[in-house]
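Here's the structure, in structure tokens; my notes come after.
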Amino acid sequence: MKFRLLGFEVKGDERGYLTVIEEDKEIPFKIKRVYYIYATLPGVRRGFHAHRCGRQVAVCLSGSCKFLLVDSEARVEVVLDRPTQGLLLDPMIWHEMYDFSPDCVLLVLADHEYVESDYIRNYDEFIAAARSADPS
Ligand code: TYD
């Protein structure tokens, strides 16, 4: 499955911590869009889509949440619970986010503008597209 956990450097001193993420460095693409998900209510599950072409990195700046990732061959659960870790999602990975802690701030960096045509929001359509792209 084409996801990767990226580790970001911690610059710490007696005042606390600082982490830097830059395009084409820690983030392996040019950052076109940034959004963040926060104050998520208990029990909420969101996402439920894959991107046809877009790549994203998700960073849990505060608190924690879980991702369910699905492609044509596997289903994986990933926990994001630290601001020094990024989840790189390549295209054609179905993702759902859940178990948001009340203090969760989930930052998402994307290499593409928000375009509805880049979304596959129907799971059966996603599975069919993923299997035809990777028939093994
Ligand atoms: P939605 O796609 O439902 O979020 P998620 O997939 O994370 O559950 O987006 C929620 C709303 O925000 C929806 O009205 C679309 C809007 N939106 C934008 O306008 N621009 C964006 O970049 C994103 C991600 C969402």
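Please treat every number below as a calculation from the coordinates, not as lab data. Given the structure is predicted, the values throughout are model-derived calculations rather than measurements. Note that each Cβ is placed from the backbone with ideal geometry, even for glycine, and that neighbours are counted across all protein chains shown.
Annotations for the structure displayed:
- Out of Val105, Val44, sole residue that is over 15 Å from the mean Cα position of the chain (by Cα) and either under 30 Å from Gly12 (Cβ atoms) or within 16 Å of the ligand (Cβ to nearest atom) (or both): Val44
- Top-ranked residue of region 6-26 - restricted to ones that are more than 24 Å from Ser101 (Cβ to Cβ) and outside any loop (DSSP other than H, G, I, E, B), ranked as nearest to the ligand (Cβ to nearest atom): Glu23
- Close pairs from region 110-127: first in contact (Cβ under 8 Å) with a residue 40 or more places away in the chain and more than 21 Å from Ser72 (Cα to Cα), partner of a type in the set (S, T, N, Q) and more than 9 Å from the ligand (Cβ to nearest atom), Cβ under 6 Å, at least 6 apart: Ala110/Gln56
- Within region 48-69, the presence of a residue that is on the phi > 0 side of the Ramachandran plot and surrounded by fewer than 15 Cβ atoms within 10 Å (Cβ to Cβ) is excluded.
- Meets criteria (touching a His at 6+ places or on another chain (Cβ under 6 Å) and within 18 Å of Tyr119 (Cβ to Cβ)) for Leu69: yes
- Members of region 111-126 found to be touching a helix residue (DSSP H, G or I) at 6+ places or on another chain (Cβ under 7 Å) and not hydrophobic (A, V, I, L, M, F, W, C), listed by number: His112
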